[in-house]
Amino acid sequence: MKKNNKIIILAIETSCDDTCIALLEAKDQLKPKFKILSNIVSSQVEVHKKWGGVYPTLAKREHQKNLPKVFKKAMEKAKNPKIDLIAVTVGPGLEPCLWIGVNFAKDLAQEINLPIVAINHIEAHIFANFIKKIQDTKCPLFTHSKIRVLFPAVCLVVSGGHTQLILMKNYRAKGDISSKAHYRNYKILGETRDDAAGECLDKVARILGLSYPGGPVIETEARCRIKDKKYRIQLPRPMISQKNYDFSFSGLKTAVLYHFKNQSEKDRKSKKYTRAMCKEVQQAVIDVLIRKTIKAAKDYKAKTIILGGGVAANRELRKQLQEKTKKELPNTKYLTPDTYYCTDNAAMVGVAAYFSWLKGNIKSWKKIKADANLKI
Ligand code: KG4
Ligand code: ZN
């Protein structure tokens, strides 16, 4: 395949509880452009709801059952194009779930004799920023051409499984995801020492009797004004003043639990209390994320701040980080993915794969394996 030709990428993502397949047309190595031919996400929310979080064995079973159906649907929607390249998330994530996607990719690659690009899930969340929607309902064309990232960039990836601040030196290094060159392109500045931000929101929602996933429900409940003094809650901002870039959210969840337990039965069930708590816990998470991101961007002289991951869909986080960047770092660019591409999807895997493929990072299906603890 020539680097300047148009190629069709089949991307697969099964690292957590969403079974995802996308087909993308990618072209132009100098100004990469993507046309998303199909992007199917089969959510397992209904299955995991009663546990208040993802149950790995169930998730694996669901991926196994749904992946062939999702593949068929994605191919049909894209009008059965001839695939040139397979992209698959190999980690980090839930090991049994990752293997379902990886084995599916390997079988397909072997059957039709295609190369595979192995993708890091965190990296895919960052590359979701390069998918931009063009307002054309007849032809859903997405493009990268208008986005120019200036490096170094500081990336805040916040999801249900991860909360990391990453320094990104360029689009892509030549070298596989486990190679030294890859590790040199990214540097983890800080990460959570316990719960991820999304995990904290999911657990708080459970305490408050709200549904799963907690992040979007908390966001909706938090859209209110607290007039009654009785409902002015003050939660801690863990590690906010520490001079590192690490996070800790499990204490925040515990603070919510104790506060909740101290309420009368009537208050615990009241709408006003639930809303006030959602507003405060969301703000506590946002305050810590923003403080550390701005500090990292200043310390590392970042030219761009990039947001990614499921929690990046939160409108308050997007807005407040934008305002803070504008105020404190007026010369720094600020990128957020389209809200649709924040939570897990395979389109972001395909986009990351194109950049990787341009650098020659392809592998034979024989060498691909899942790695639950893969580092960026
Ligand atoms: O990236 P993602 O889909 O899966 C993982 O890689 O973990 O992220 C899922 C997480 C969940 O914890 C969910 O509650 C959170 O993202 N989330 C949100 C919002 N939408 C999803 N958190 C806050 N506000 C949202 N609007
Ligand atoms: Zn994710």
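Filtering K319, K326, K272, K333 for residues that are of a type in the set (K, R) and touching a residue at least 60 places away in the same chain (Cβ under 8 Å) leaves a single hit, K333.
For every residue, the table says whether it meets (1) in a helix (DSSP H, G or I); (2) away from ligand 1 (no atom under 14 Å from the Cβ).
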| position | (1), (2) |
| --- | --- |
| I306 | no, yes |
| V311 | yes, no |
| K319 | yes, no |
| K326 | yes, yes |
| P330 | no, yes |
| Y334 | no, yes |
| P337 | no, no |
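In this structure, is V45 within 15 Å of ligand 1 (Cβ to nearest atom), in the same structural domain as M75 (by TED's automatic domain parsing), buried (at least 17 other Cβ atoms within 10 Å of the Cβ) and among the aliphatic types (A, V, I, L, M)? The answer is no for V45.
Scan the range 249-303 residue by residue and report those that are farther than 30 Å from K187 by Cα and aliphatic (A, V, I, L, M).
A255, V256, L257, A276, M277
Restricted to the range 52-63, and to residues there that are without any contact (Cβ under 8 Å) to a residue 40 or more places away in the chain and assigned to a helix (DSSP H, G or I), the residue that is least open to solvent (accessible area, probe 1.4 Å) is L58. Taking interchain pairs and intrachain pairs at least six residues apart, which have beta carbon atoms under 8 angstrom, with the first residue in the range 86-98 and in the same structural domain as N345 (by TED's automatic domain parsing) and the second open to solvent by 10 Å² or more (accessible area, probe 1.4 Å) and polar (S, T, N, Q)? Once the first residue is in the same structural domain as N345 (by TED's automatic domain parsing) and sits in the range 86-98, its partners that are open to solvent by 10 Å² or more (accessible area, probe 1.4 Å) and polar (S, T, N, Q) give G91/N373; P92/N373; P96/T57.
Restricting to the range 179-222, name every residue that is among the charged types (D, E, K, R) and touching a helix residue (DSSP H, G or I) at 6+ places or on another chain (Cβ under 8 Å).
Going residue by residue through the range 179-222, those that are among the charged types (D, E, K, R) are 180, 184, 187, 191, 193-195, 199, 202-203, 206, 219, 221.
Of everything in the range 179-222, those that are among the charged types (D, E, K, R) and touching a helix residue (DSSP H, G or I) at 6+ places or on another chain (Cβ under 8 Å) turn out to be D194, D195, D202, K203, R206, E219, E221.
Just one of (1) within 21 Å of A87 (Cβ to Cβ); (2) buried (at least 22 other Cβ atoms within 10 Å of the Cβ) trips up L317, so point out which. The number of the failed condition is (1). Being open to solvent by less than 20 Å² (accessible area, probe 1.4 Å) and part of a helix (DSSP H, G or I) holds for only one residue in A296, A370, A302, and it is A296.
Provide a single number: the residues in the range 265-315 that are on the phi > 0 side of the Ramachandran plot and touching a His at 6+ places or on another chain (Cβ under 6 Å).
Going residue by residue through the range 265-315, those that are on the phi > 0 side of the Ramachandran plot are 301, 309.
Retained after the next criterion (residues that are touching a His at 6+ places or on another chain (Cβ under 6 Å)): 309.
The total comes to 1.
Name the residue that is farthest from ligand 1 (Cβ to nearest atom), counting only residues in the range 9-25 that are under 17 Å from Y340 (Cα atoms) and touching a Ser or Thr at 6+ places or on another chain (Cβ under 6 Å). That would be L23. Of all residues assigned to the range 263-273, at least one qualifies as being open to solvent by less than 10 Å² (accessible area, probe 1.4 Å) and either in the same structural domain as I240 (by TED's automatic domain parsing) or of a type outside the set (S, T, Y) (or both).
Among the residues of the range 243-262 satisfying the criterion of being open to solvent by less than 50 Å² (accessible area, probe 1.4 Å) and not in a helix (DSSP H, G or I), which is nearest to V285 (Cα to Cα)? In this case the residue turns out to be F249.
The values are calculated or read from the model by the stated rules, or taken from the named source; none is laboratory data. Bear in mind the structure is a predicted one, so any value in this text is a computation, not a measurement. Glycine gets a Cβ as well: all are built from the backbone with ideal geometry, and neighbour counts include every protein chain shown. Only protein heavy atoms, including side chains, enter the accessible area calculation; ligands, DNA and RNA are left aside. Shrake-Rupley method; radii C 1.70, N 1.55, O 1.52, S 1.80 Å.
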